[in-house]
Amino acid sequence: MDGILPLLKPTGQTSMEAVRIVKRLTRERKVGHAGTLDPAASGVLPICFGQATRVMIFLVDSPKMYKATVRLGTTTDTYDADGSVVSTQDPSGVTREDVLKALEKFRGTILQVPPMYSALKREGRRLYELARAGLEVPREPRKVQVLRLEMTEWAPPQVTLEVECGRGLYLRSLAHDLGQAIGCGGHLARLVRLRNGPFSIEKTISENELEEAVAANRWKELVHNLDSVLTHLKAAIVGPATVREVRQGRQVALGYRTYLPTHGERCRVYDLQGHLVAVSRFDRFTGFWHPDIVFSPAQGK
């Protein structure tokens, strides 16, 4: 089985626990997830089977959309509702306009300090391990992209946001930093991933639905082709001789007439039967396409 299942991960479950449940139900051996969701978060978690695990990076790098509920007035050590309360302030004086004004500084390319309770490493140790030991270490701010940030609901002391972002943004840090910017503190009370790449929450499959589909021997019908996450790349169709060269790892020329690729640009390569052969990258210095990811012929559901 090669393909991608957009799973609806429930709250209270780690992403790896979701993978183990899918493996147990489907009895597939090569299974992984594309983009970790915190246990307290729910929503879209793409599960990759077989060769689809090789395109997970495209899902990890793709824009994502979230619905985030921030509770103002209470700051926690983990920046979310699972942590211990660090401080409390009265948020009753905060207005809708205060929140809207504070949101302005979090749009576009911003610098964000990762939370201590994260899987990032410092001198070989996870930050959350240091945090649990009562240690706090300096963290370098990182550039992250906030493509869209809108307030969708104002129900004091809670504010609900819709966030579209690039890779590496911590919604917990966003909630914490928003509270600090407003001046009353805050934490992430609830988080739902609405979209990951091409998969929206409306297209997800719950664990109960998957279990029923497995029992009915139709679960493979729910799996999307692995190239469904590559549709943003241009495509080339090649003959048998070129397919052999690509599968041997050789760079090849892919004809173009009115289109000039940029250096490092990727494209999908298909054989005459429509099977995905490779994802190749263009080298402008040689004028050839080098295969980055080569797939074996078996890709069906």
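Looking only at the stretch 210-250, count how many residues are under 23 Å from the mean Cα position of the chain (by Cα) and of a type in the set (A, V, I, L, M, F, W, C). Within the stretch 210-250, residues that are under 23 Å from the mean Cα position of the chain (by Cα) and of a type in the set (A, V, I, L, M, F, W, C) number 7. Out of LYS67, LYS23, LYS9, one residue alone is over 16 Å from TYR170 (Cα atoms) and touching a residue at least 12 places away in the same chain (Cβ under 8 Å). It is LYS9. The set of residues in the stretch 210-225 being aliphatic (A, V, I, L, M), in a helix (DSSP H, G or I) and free of Cβ contacts under 8 Å to residues at least 40 places away in the same chain consists of ALA213, ALA215. For the stretch 108-123, taking the residues that are exposed (fewer than 14 other Cβ atoms within 10 Å of the Cβ) and in a loop (DSSP other than H, G, I, E, B), the one that is modelled with the highest pLDDT is identified as ALA119.
Checked against (1) in contact (Cβ under 8 Å) with a residue 40 or more places away in the chain; (2) farther than 18 Å from PHE288 by Cβ; (3) part of a loop (DSSP other than H, G, I, E, B); (4) of a type in the set (Gly, Ala, Ser), SER228 passes all but a single condition, namely (3). For the stretch 63-105, taking the residues that are in contact with an Asp or Glu (Cβ under 7 Å, 6 or more places away or on another chain) and surrounded by fewer than 17 Cβ atoms within 10 Å (Cβ to Cβ), the one that is farthest from SER228 (Cα to Cα) is identified as VAL86.
Within the stretch 39-62, the set of residues being assigned to a loop (DSSP other than H, G, I, E, B) and surrounded by fewer than 20 Cβ atoms within 10 Å (Cβ to Cβ) comprises PRO39, ALA40, SER62. Selection of the stretch 130-176 for residues being touching a helix residue (DSSP H, G or I) at 6+ places or on another chain (Cβ under 7 Å) and touching a residue at least 60 places away in the same chain (Cβ under 8 Å) yields VAL159, VAL163, ARG167, LEU174.
Here's the yes/no breakdown for (1) of a type outside the set (A, V, I, L, M); (2) at pLDDT below 95; (3) in contact with a Pro (Cβ under 6 Å, 6 or more places away or on another chain); (4) not in a helix (DSSP H, G or I):
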| site | (1), (2), (3), (4) |
| --- | --- |
| GLN145 | yes, no, no, yes |
| GLU150 | yes, no, no, yes |
| TRP154 | yes, no, no, yes |
| ARG167 | yes, yes, no, yes |
| LEU174 | no, no, no, no |
| GLY179 | yes, no, no, no |
| CYS184 | yes, no, yes, yes |
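Of all residues in the stretch 226-274, exactly one satisfies the criterion of being under 27 Å from MET1 (Cβ atoms), among the polar types (S, T, N, Q) and surrounded by 16 or more Cβ atoms within 10 Å (Cβ to Cβ), namely SER228.
Consider ALA155 carefully, then state whether it is among the small types (Gly, Ala, Ser), surrounded by fewer than 14 Cβ atoms within 10 Å (Cβ to Cβ) and in the same structural domain as ASP77 (by TED's automatic domain parsing).
The answer is yes for ALA155.
Scanning the stretch 63-96 for residues that are under 15 Å from VAL192 (Cα atoms), assigned to a loop (DSSP other than H, G, I, E, B) and either of a type outside the set (Gly, Ala, Ser) or modelled with pLDDT of 95 or more (or both) yields one hit, PRO63.
The values are calculated or read from the model by the stated rules, or taken from the named source; none is laboratory data. Just so it is clear, the model here is predicted, and its values are computed rather than measured. Counting neighbours? That spans all protein chains shown, and the Cβs are built from the backbone with ideal geometry, glycine included.
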